[in-house]
Structures are given as structure tokens and as C-alpha cells.
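Here's the structure we're looking at; comments come further down.
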Amino acid sequence: MSFTPGRSRWPDVWLATAARGISSCGDFLAASTLTLALQSAGAGGPAVAGLLIAASLPLVGLAPLTGRLADRVDSRTLLVAAGVVQAAICLALAYAGHPALVIGLVALLAAGLAVTQPVLAALVPAMVTPGDLPRASALNQTAGTLGALAGPALAGLLVGQFGTRVPLLLDAVSYLALVAAGLLIRTRRGGARPAAKSRPTAKPRPAAKPRPAADAHPTPAPDGLARGWRLRPDRLLFAMVASLAGVVGAVGAINVIEVFFIRETLGSSTTVYGLVTGAWPLGIVAGAWALAPLTRRLTDDGRLLGVGLLLLGGCCLAVLVSAAVPSAWLLVPIWLLGGLLNGGNNVVSNVLLARRVPEAARGRAYAVLGAAVQGAGMVGLAVGGLLLDLADPRPLVAACGTVGLLAVAAFAVPVLRAARAARATP
């Protein structure tokens, strides 16, 4: 599949990395701030689940549109426009008071994320050579998870000191990083940028040697393969997306349950909640870098998919073990380990998708992957919100881990069959 020719464009990778990290911090800062505000106001599981579903639904429902936008519209235009709109929405969110208005603005904010996620994800493989892709993917993953690490911690500190308005105003500023990245990144994809027409001259001149573009790396026009790309015919990619979504759906209720488990069952403050929930993202950073070299060495896609499924099983086991802790601080090492395995699986998924999808269709592919995972996550959120009214948080955490492990076991056979089929295909 198509990657950048010649040498990797690391300045562009760093710009994309910074944009993802800062905007990711803003995403998690807003989500954690509003979650803490609801919990502190006495709202129950359904209210928290409703807020988190509003933040996820656009990523699922808009995936067919945003994936095509990422492939067909200039990446610079999309990043600048989405960054400006998200900053304005978050500014309005800081002054919104009615719960219905807050949920509506959160959904609009997520609609912008549905655009920027596939744009940035598809840009990274276009910036680097195939050999540098695992490293670039790990770097990009690090940025996203550092943002996820900083966001809840900042929310816990700032909500306790200043209330909800200050963190939401900081969130509005964070989206301007997308605008800056869109203007500064030289690699571009999507959209048509026709060459300038030459002026007639009195007599022909010798042809000049072609020079690289000064501010763009246009993507080749989509071929028939890219235009007709679908996930289903690629059995290995289909198995990867299905298994990942299935496990996320099985264990996803933990995202609603954790705030009640940490704050009420374990009796922790908002500050401790922010610090403890940052342990999993910190583990993701370590896992992305620790397993990137392994991802690069494993050229057999089927074997790489098997490794990814094992890593998912480890994540579920970490959730199961965490149900037994008597103190929130004991969650830190367990969630660090779970996050490490999670980070490795993220790199595996990104590398497999970039290897097997035509360059001109990668925006759609990343949107499909994101929609499947987010959709499954929403099922988990809805289930978690309902179950919190029926059972205590601790047994629900144990149930999440157990169901996740059962899902991994159920997907083992389909993944093995898809791996064999991929090896048999020339």
C-alpha cells in the first residue's frame, strides 16, 4: 500500500502528534469535568451514561460521511475548520446551564471529533515509510494517551478548585492546536489540487527537473480498488475490527462504573479519581513504545492479529483483578499493566489497517474502525448505566472483566481462521 516516498517526514509527524495530544487532552478534560459535575450533583448511572453516549454517538452515526470527507476533502481544510468550530462549541459549553443544552453541545463537539480522528489517523501513514510506521504510530498513540492521561487529572484538580467553567474554557483553547496543525503540516491528502497552468512562451524551453512540492504531498487519485474498498472481503481486517469491537462492548460498562467505584465504593476524592484514572492511559504510552518493535518485526499479518487478541485478553484480566482492591491507590499498578497491553493492541490495529488498506481509502477505514469501537462502547455505556441501579459497583467491575475474557475466548476461533485464510491468499 502507498506510503510516503523516500524519507519519512518527521517534522509533520511531530506536528500531528502535538495536535492530537493537545486536542485529546481537551476531549478528556471536558468529558471528565462534566462526569464529575453530574456525579457530584447526585446524578445516577443513567445520567452519566447518557452524557458519555452523547459524546460517542456522532463518531458512530457520522462515520460513513466523515470517512469519505477524510478521503475526498483537503486535510488542511478539514483540520482548520473543525478546530475553529470545536473551540467555539466548547466556549458555549462553558456557559451552558441546562442539562439538555449541555448534552446537545457535547454531541456537536463529538461530531467535530468524528471528522478530525480519521483525518489525522490517515495522514500519519502518508508521512512515513513502511519501516517507520510502527514508530510513528507509537508516537501518535503516545500523544493521544498522554492527552487522555492529563485530561482527567486536570479535571480532578480544576473542578475541585474552580468548578466546571475554567476547565471547559481551557478545553476551548486546546482545539486551536488543530488549526495550527492544519496550517503547518506540509503533508496533505484528500481533495484535488490541480497543477497550475503554464503560460505560453515565444519559444519552448528545456524541461526543468521536477522539484518536490513546497507545502503539500498530494495523495494520488483514488484508483478503482480504493473507490470500491470494503471491510468485509478482507477476512483478517474484518476479524480484527469485530474482535476489538466485541471485547470493547463486553467490558465497556467499566467507563460508567469506574467513577462510582472509585468515588463511592473506595471513598476517594475528585483529585484521587483524576490521578487514578490516569494510570491506564500512562500504561498505554508505555505499551505503545514497548511493543512497536515487535509489531515491526512481525510481518505475518495473521500472527500479528493473534498477538492483538492476546493483548485484549490481558486488558480484560486487569479489569477483573481490579474488582478485588480495597483502596483506590492499589488500582494504579493494575491499571498501568492493563493500559500497557491496551497500548500494544492499539499499535497492532493501526499497523494492520495501514498495511492492508489502499492509501486513498484509509480515511474510510479508520472511520469504520472508530465507529465499530465507539458503537460497541456505547452498548457498554448503556448497559453500565442500567446495571448501576441494580447492583453495587464492585461486583459490576468483576462482571465486566469476566464478560470481556469470555468475549476474547469466543473470538479466538474466528481470528485463527482469518489468519489461516490470509496466509493462503497470495
Open item on the list: How large a share of the accessible area of the range 231-424, in percent, is made up of carbon and sulfur atoms when the probe is 1.4 Å and the other protein chains stay in place?
Closed with: 69
Open item on the list: On a 1.4 Å probe surface of the protein chains, which of 165, 232, 263 comes out largest in accessible area, and what is the full order?
Closed with: 232, 165, 263
Task: Contact order normalised by residue count of the chain, Cα under 8 Å, 6+ apart, percent - done: 28
TODO: For the range 21-133, with all protein chains present and a 1.4 Å probe, just round the carbon and sulfur fraction of the accessible area to a whole percent.
DONE: 76
- [ ] Over the range 231-424, average the accessible area per residue using a 1.4 Å probe and give it in Å², no decimals.
- [x] 38
Open item on the list: In whole Hz and in residue order, list the ³J(HN,Hα) couplings for the range 253-259 that follow from phi through the Karplus curve 6.51 cos²θ - 1.76 cosθ + 1.60, θ = phi - 60°; x for Gly and Pro.
Closed with: 4, 4, 5, 8, 6, 4, 5
- [ ] Set the Förster distance to 56 Å, then compute FRET efficiency between residue 173 and residue 307 from the Cβ-Cβ distance, nearest 0.05.
- [x] 0.90
Task: Electrostatic dipole magnitude of the chain [Cβ: Lys, Arg +1; Asp, Glu -1; Cα centre; debye, to 20] - done: 2300
Open item on the list: With a cut-off of 8 Å between alpha carbons and a minimum separation of six or more residues, what is the relative contact order of the range 231-424 in percent?
Closed with: 44
Task: Within the chain, helix-based [θ] at 222 nm, where runs of 4 or more DSSP H residues each add -39,500 (n - 2.57), nearest 500 - done: -25500 deg cm²/dmol
Task: Packing-based ranking, highest mean first, of 357-369, 55-67 given that Cβ atoms within 10 Å are counted - done: 357-369, 55-67
TODO: Along Cα→Cβ, 7 Å out, is where each label goes; now give me the distance between the ones at residue 264 and residue 327 in nm to one decimal.
DONE: 2.4
Task: Extended-chain gain in nm, criterion 0.36 nm per residue less alpha-carbon gap, residue 101 and residue 406 - done: 105.9 nm
Open item on the list: Given R₀ = 60 Å, what would the calculated FRET efficiency be for residue 386 paired with residue 129, taking r from the Cβ atoms and rounding to 0.05?
Closed with: 0.80
- [ ] Report which label in (i) 63, 44, 42; (ii) 69, 46, 41; (iii) 83, 54, 31 holds the value of Cα extents along the principal axes in Å derived from the coordinates of this structure.
- [x] (iii)
TODO: Output the DSSP H helices from the chain with an along-axis C-alpha extent of no less than 18 Å and a mean Kyte-Doolittle hydropathy no less than 0.5.
DONE: 10-40, 45-61, 75-95, 99-127, 133-162, 235-251, 279-297, 301-322, 331-356, 362-387, 393-424
Task: Accessible area (Å², per residue) of the range 67-151, counting only protein heavy atoms and a probe of 1.4 Å - done: 33
Open item on the list: Going by Cα centres, the range 65-95 and the range 135-189 are how many Å apart?
Closed with: 15
Task: Packing-based order for 125-133, 68-76, using average beta carbon neighbours within 10 Å, highest first - done: 68-76, 125-133
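The values are calculated or read from the model by the stated rules, or taken from the named source; none is laboratory data. Just so it is clear, the model here is predicted, and its values are computed rather than measured. Cβ: placed from backbone, ideal geometry, glycine included. Neighbour counts: every protein chain shown. SASA here: full protein model, heavy atoms, side chains in, ligands and nucleic acids out. Shrake-Rupley method; radii C 1.70, N 1.55, O 1.52, S 1.80 Å.
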